[in-house]
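Report on the structure given below.
What follows is calculated from the coordinates using simple rules that are stated; it is not laboratory data. Remember, predicted model here, so these are calculated numbers, not experimental data. As a convention, Cβ positions derive from the backbone with ideal geometry for all residues, glycine included, and neighbour counts pool all protein chains shown.
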Amino acid sequence: MSKPTKEDASLMLQILTMMKGDEIYQKAEMWSFIEFNVKDYEDFKAKYPMGSEGYKYLMNLLSYGELIGTLINQELLSEDLVFDLYGNMLWDKVKNIIPGLRKDMGSPRLYENYELGARKYPKWAETHPPKL
């Protein structure tokens, strides 16, 4: 994908405004940094059963990840801009949970754009060393 454009920046700012205005997202973001730590899907289900606050938080974060991943994969948003801002977007914490969610929900494509976007990150990171 080409260098980020002003249009990419505008879209990213719109998404950030939406996320920062979402009260659940705000709580979910802090929860993901402070509390959320599971080893696999079974551990996730035990700690955060469907309907729990933690479950709601994760679904909120994954939904935003799917939105951003879809825009990246459809080449409507620059992956350079997203990866420079978010890195791997929580992927390391959720990659062992997504397959179980897909199976339990009977939805094999659940969060696939988020996963596809996250899988692009390591290659991007190889060609974009830290700035400092």
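Name all residues of region 81-109 having a backbone nitrogen under 14 Å from the label point set 7 Å from the Cα of Ala125 along its Cα→Cβ direction, giving them as ranges.
Flagged as within label range: 83-95.
Which aspartates and glutamates does Lys47 reach when only Cα atoms under 12 Å apart count, and residues fewer than 8 places away in its own chain are ignored?
Those aspartates and glutamates meeting the cut-off are Glu35.
For the pairs Lys39/Lys120; Lys45/Lys123; Lys56/Lys120; Lys45/Lys120, note any where the Cα-Cα span goes beyond 25 Å.
Working: Lys39/Lys120 23 Å; Lys45/Lys123 31 Å; Lys56/Lys120 27 Å; Lys45/Lys120 28 Å.
Result: Lys45/Lys123; Lys56/Lys120; Lys45/Lys120 exceed 25 Å.
With angles folded into 0 to 90 degrees, how steeply does helix 112-127 sit against the dominant principal axis of the chain? Use alpha carbons for both and round to 10.
The two axes meet at around 50 degrees.
Taking only Cα atoms, what is the 0 to 90° angle, nearest 10, from helix 23-34's long axis to the longest principal axis of the chain?
Helix 23-34 and the main axis of the chain meet at about 80 degrees.
222 nm [θ] for the chain, helices only, -39500 (n - 2.57) per DSSP H run of 4+, per residue, to 500?
Details: 8 runs with 91 residues, N = 132.
It lands at -21000 deg cm²/dmol.
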